[in-house]
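Q: Submitted below is the structure of interest, expressed as structure tokens.
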Amino acid sequence: MAKYQIAVIPGDGIGPEVVNGTRQVLDAIAVRFGHEFAYTELLAGGIAIDATGEPLPAATVAAAKKSDAVLLGAVGGPQWDTLPGDKRPERALLGLRSELGLYANLRPAVLYPALAAACPLHPETAAAGIDVMIVRELTGGMYFGDRGRREGPNGPEAYDTEAYSIMEVERIARVGFEQAMLRGKRLTSVDKANVLESSRLWRETVIRISQEYPEVTLDHLYVDNATMQLIKRPSDFDVIVTTNMFGDILSDEAAMITGSIGMLASASLGKPGTPGMYEPVHGSAPDIAGQDKANPLATILSAAMLLRISLGLGTEADAVEAAVAKVLADGYRTGDIVQNVGSSSTEKRVGTREMTRLVVEAVANA
Ligand code: IPM
Ligand code: MN
């Protein structure tokens, strides 16, 4: 029996609920396929600030590095919003990304046929389908560049710096091309090369790397135009590769057009052989925390990515994804999805626990 070490970081808000549900799904996979998942629960985010005074304790980083993969819920909440930048819960996420070297963030935005009515776009646009893979650079750019406060010509000012090395662009471009090779062989690189020097380096580097992937069709969009095209013709996109900052924004937009941010999974990956981190794209949603309202599917789908990418368990990942698709096709919806379509008699509204139970049952019976 294969044994895998999974570091689990429930975090804040709805994080613990969706992560605990996801563990039940993983346990169902373990039983059905004969694996053993050993979980180590770790502190990060606001809960870590309360317990230890820091958002990302060194013990958490050390244990995460020793695991086969990390499953994270969400961090942050209003009670920690007034802390200085380097003490905020979000530092835990940024710290994990940089400490684990997770430079590539994969955010698939898929419109499930069963949720077509939840798509806020024109029905004809939704009918054409949405299946976009956003590849976001995750350890560079403005998020990690030089920043500070200083005295400027107009008085006190603040600055953040966008900087990309050729090496950083090369490695994320390759991830984009590799994803395209696994999918529709089309890659769109998003930048702001009409204004930013870092974007001009980005674009010329992506073009150079494209010579390694002659089968992939590459095109380029300025980020402002990309936000429009994503709404106008989402079905035209296959893989998008972009910077940390632009990827943050575009992935929320992509999430919304698939109906609910409560559905979107993500994988953050570093060098081959190092643990990846898997988390829902949504945040900690403190307003609904602890009320059995959160949609666990984004975290469950993140666990499917964990199985496939970090543990090499493709059949098991397929089983999780098929279970989610079945439960949605059977009409079960958490509040975040129902809200978008109004009340409908064919839909059955369920809470976090019941949605989890249905997925576990589908995994066990498939
Ligand atoms: C995300 C989040 C984070 C980011 C925040 C919480 C630091 O918005 O993962 O998209 O900006 O990267
Ligand atoms: Mn974001």
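Q: Determine if region 90-112 includes at least one residue that is over 22 Å from ILE309 (Cβ atoms), open to solvent by 20 Å² or more (accessible area, probe 1.4 Å), away from ligand 1 (no atom under 16 Å from the Cβ) and of a type in the set (Asp, Glu).
A: Within region 90-112 (the criterion being over 22 Å from ILE309 (Cβ atoms), open to solvent by 20 Å² or more (accessible area, probe 1.4 Å), away from ligand 1 (no atom under 16 Å from the Cβ) and of a type in the set (Asp, Glu)), the answer is no, since none of the residues qualifies.
Q: Mind telling me which of the residues PHE246, PHE237 ends up being crowded, with 16+ Cβ neighbours inside 10 Å and within 16 Å of ligand 1 (Cβ to nearest atom)? Talk me through it step by step, then tell me what you get.
A: Working: PHE237 fails: within 16 Å of ligand 1 (Cβ to nearest atom).
That would be PHE246, the only listed residue that is crowded, with 16+ Cβ neighbours inside 10 Å and within 16 Å of ligand 1 (Cβ to nearest atom).
Q: While we're here: With the checklist (1) open to solvent by 20 Å² or more (accessible area, probe 1.4 Å); (2) in contact with a Ser or Thr (Cβ under 7 Å, 6 or more places away or on another chain); (3) part of a helix (DSSP H, G or I) in hand, flag the one item GLN5 doesn't pass.
A: Here GLN5 clears every test but (3).
Q: More than 10 Å from the chain's Cα centre (by Cα), open to solvent by less than 40 Å² (accessible area, probe 1.4 Å) and within 16 Å of ligand 2 (Cβ to nearest atom): which single residue out of GLY270, GLY262 fits that description? Explain how you work it out, then say what you get.
A: On the way: GLY270 fails: within 16 Å of ligand 2 (Cβ to nearest atom).
Just one listed residue meets the conditions, GLY262.
Q: Any residue in region 289-304 that is modelled with pLDDT under 95 and not in a helix (DSSP H, G or I)?
A: no
Q: So if I check each of LEU56, LEU71, LEU93, which one is within 16 Å of ligand 2 (Cβ to nearest atom) and either under 30 Å from PHE237 (Cβ atoms) or not in a helix (DSSP H, G or I) (or both)? Please lay out each step first, then the result.
A: Values: LEU56 fails: within 16 Å of ligand 2 (Cβ to nearest atom); LEU71 fails: within 16 Å of ligand 2 (Cβ to nearest atom).
Among LEU56, LEU71, LEU93, only LEU93 is within 16 Å of ligand 2 (Cβ to nearest atom) and either under 30 Å from PHE237 (Cβ atoms) or not in a helix (DSSP H, G or I) (or both).
Q: Okay, next question. Quick check on region 206-224: of everything there that is part of a helix (DSSP H, G or I) and open to solvent by 50 Å² or more (accessible area, probe 1.4 Å), which residue is nearest to ligand 1 (Cβ to nearest atom)?
A: The initial filter retains those residues of region 206-224 that are part of a helix (DSSP H, G or I), namely 206-210, 223-224.
Pick out the ones that are also open to solvent by 50 Å² or more (accessible area, probe 1.4 Å) and you get 207-208, 224.
Details: ILE207: 27, ARG208: 27, ASP224: 19 Å.
Selected residue: ASP224.
Q: Out of LEU269, LEU230, LEU264, LEU250, which single residue is modelled with pLDDT of 95 or more and closer than 17 Å to LEU301 by Cβ?
A: Numbers: LEU230 fails: closer than 17 Å to LEU301 by Cβ; LEU264 fails: modelled with pLDDT of 95 or more; LEU250 fails: closer than 17 Å to LEU301 by Cβ.
LEU269 is the lone residue from the list that is modelled with pLDDT of 95 or more and closer than 17 Å to LEU301 by Cβ.
Q: Pick from VAL75, VAL132, VAL70: which is among the β-branched types (Val, Ile, Thr), under 24 Å from ALA158 (Cβ atoms) and crowded, with 21+ Cβ neighbours inside 10 Å?
A: Details: VAL132 fails: under 24 Å from ALA158 (Cβ atoms); VAL70 fails: under 24 Å from ALA158 (Cβ atoms).
That would be VAL75, the only listed residue that is among the β-branched types (Val, Ile, Thr), under 24 Å from ALA158 (Cβ atoms) and crowded, with 21+ Cβ neighbours inside 10 Å.
Q: Suppose the filter is closer than 22 Å to ARG88 by Cα, open to solvent by 10 Å² or more (accessible area, probe 1.4 Å) and outside any loop (DSSP other than H, G, I, E, B); does ALA64 pass it?
A: Details: closer than 22 Å to ARG88 by Cα: yes; open to solvent by 10 Å² or more (accessible area, probe 1.4 Å): no; outside any loop (DSSP other than H, G, I, E, B): yes.
So ALA64 does not fit the description; no.
Q: Of the residues ILE49, ILE134, only one is in the same structural domain as THR352 (by TED's automatic domain parsing) and either under 22 Å from GLU17 (Cα atoms) or β-branched (Val, Ile, Thr) (or both); which? Lay out the reasoning, then the answer.
A: Values: ILE134 fails: in the same structural domain as THR352 (by TED's automatic domain parsing).
It is ILE49.
Q: If you don't mind, another one. Confirm whether THR139 is in a loop (DSSP other than H, G, I, E, B) and surrounded by 18 or more Cβ atoms within 10 Å (Cβ to Cβ). Steps first, answer last, please.
A: On the way: in a loop (DSSP other than H, G, I, E, B): yes; surrounded by 18 or more Cβ atoms within 10 Å (Cβ to Cβ): yes.
When the stated conditions are applied, THR139 passes them.
The values are calculated or read from the model by the stated rules, or taken from the named source; none is laboratory data. A quick note: this is a predicted structure, and the numbers were derived from the prediction, not measured. Please note: Cβ atoms are built from the backbone with ideal geometry, for glycine as well, and neighbour counts cover all protein chains shown. Just so you know, the surface numbers come from the protein's heavy atoms only, side chains and all, with ligands and any DNA or RNA stripped out. Shrake-Rupley method; radii C 1.70, N 1.55, O 1.52, S 1.80 Å.
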